[in-house]
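Below: one structure, written as C-alpha cells.
The values are calculated or read from the model by the stated rules, or taken from the named source; none is laboratory data. Note that the structure is a prediction, hence the values are computed from the model and not measured. Note: ideal-geometry Cβ built from the backbone for every residue, glycine included; neighbour counts use all protein chains shown.
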Amino acid sequence: MSSAWLLPEHIADVLPAEARRLEDLRRSLLEKARSYGFEQVMPPLLEHLESLLSGTGSALDLRTFKLVDQLSGRTLGIRADATPQVARIDAHLLNRQGVVRLSYCGPVLHTRPQAAHATREPLQLGAEIYGHAGLEADLEVQDLALDGLLAAGLKNLVLDLADARIVRGVLAGVPLDAAALAQVVEALAAKNAAALAALADRFPAESRQALLALPSLYGDVAVLDEARRVLPQRPMIHAALDDLATLARHLVRTHPEVAVGFDLADMSGY
C-alpha cells in the first residue's frame with residue numbers, strides 16, 4: 001500500500017460492522033442515561049487551550065494536541081477529555097440552580113496511546129451530576145455506570161472504589177507546593193514506596209507513616225477496617241471511609257453480580 005494512504009500510528013478507520021456496533025452501543029448507553037434524567041450535550045472538538053485545560057493537571061496538557069488558530073493566532077487544543085468541557089457548559093452556559101445531570105459522547109484525541117495497542121482517538125462517553133455534593137449523587141452515577149455496562153453485555157465486572165479525601169486527610173497540615181503534591185500523587189499512582197519514602201522524609205511522623213501505608217491499602221472490604229486502624233484519626237478520613245462502606249453495601253444490594261474492591265491510593269482525578 002502506498003505510504004500516502006497510511007494512517008498515523010494508533011489511528012484507524014472504523015469499518016461498517018464495527019461502526020454499526022459502536023453506534024448501537026452509543027445509542028443504548030445514552031438512552032440509559034436519559035432514562036436516569038440526564039440531558040445530552042455536545043461540546044466542540046477544539047477550544048482555546050486556556051479554556052480547555054482550565055482547572056486540569058499537567059497530565060491532560062501532555063495528552064492534548066495543540067495548534068494555532070489561523071483566524072485569531074491564538075493557541076487551540078483538540079480535546080483529550082470532554083469532562084472539563086461539560087463542566088464549563090454547566091458553569092458558564094446553563095448556569096442553572098439546583099441539580100444538573102448532563103451526558104455526552106464523542107471522540108477525543110490523545111498525543112500518545114494510553115496502552116500498548118490502544119487507539120489515540122477513543123470514543124468517550126460520560127455522565128456528570130452537578131449541584132449535589134452528597135453521597136446520593138455518587139450512588140446514582142454508580143448505578144447508571146453499572147446498569148449501562150451490564151446492558152452492553154459485559155460480564156464479571158469489578159468496581160474499584162476510592163475517595164480523594166483520604167489522601168487529602170493524610171496530607172492535611174503538610175506544607176506542599178503544587179509540584180511536590182504532583183510528585184506525591186504520581187508516586188501513589190505507581191505505588192512506588194521508595195519514591196514516597198523520599199518525598200515524605202520531612203513530613204510529620206503521623207502523616208509520613210500514613211502516606212507509606214496507602215499503597216498497600218487495596219483489596220476487598222477488609223481494607224476499610226485496616227485503613228481505620230493504620231490511618232490518622234481525622235474526620236475527613238473517617239467520613240470518606242464511611243461513604244465508601246455505604247457505596248459498597250449499596251452495590252452488594254443492587255448489583256450482587258458485580259465484585260467490589262478498594263484502592264485507597266488511587267488518585268484518579270485528584
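Annotations
- Some residue of region 237-252 being hydrophobic (A, V, I, L, M, F, W, C) and farther than 20 Å from residue 139 by Cβ: yes
- Selected residue (only one of 265, 227, 162, 195 is surrounded by 14 or more Cβ atoms within 10 Å (Cβ to Cβ) and modelled with pLDDT of 95 or more): 227
- Scanning region 123-134 turns up no residue that is touching a Phe, Trp or Tyr at 6+ places or on another chain (Cβ under 7 Å) and assigned by TED's automatic domain parsing to the domain that holds residue 227.
- Taking the criterion of being charged (D, E, K, R) and assigned to a helix (DSSP H, G or I), the residues of region 114-161 that qualify are 136, 138, 140, 143, 147.
- Screening region 133-154 for residues that are touching an Asp or Glu at 6+ places or on another chain (Cβ under 9 Å) and touching a residue at least 60 places away in the same chain (Cβ under 8 Å) and picking the one that is surrounded by the most Cβ atoms within 10 Å (Cβ to Cβ) gives 138.
- When region 38-82 is filtered for residues that are buried (at least 17 other Cβ atoms within 10 Å of the Cβ), touching a residue at least 40 places away in the same chain (Cβ under 8 Å) and not in a loop (DSSP other than H, G, I, E, B), only 63 remains.
- The set of residues from region 190-234 being in a helix (DSSP H, G or I), touching a Ser or Thr at 6+ places or on another chain (Cβ under 9 Å) and farther than 28 Å from residue 252 by Cβ comprises just one member, 193.
- The residues of region 137-164 that are under 15 Å from the mean Cα position of the chain (by Cα) and of a type outside the set (Val, Ile, Thr), listed by number, are 138, 142, 145, 159, 160, 161, 162, 163, 164.
- Among the residues of region 162-189, those identified as within 25 Å of residue 222 (Cβ to Cβ) and assigned to a helix (DSSP H, G or I) are 164, 165, 166, 167, 168, 169, 170, 171, 187, 188, 189.
- Restricted to region 83-107, and to residues there that are part of a strand (DSSP E or B) and touching a helix residue (DSSP H, G or I) at 6+ places or on another chain (Cβ under 9 Å), the residue that is farthest from residue 33 (Cα to Cα) is 100.
- Hey, residue 98 touching a residue at least 12 places away in the same chain (Cβ under 8 Å), surrounded by 12 or more Cβ atoms within 10 Å (Cβ to Cβ) and over 19 Å from residue 9 (Cα atoms) or not: no
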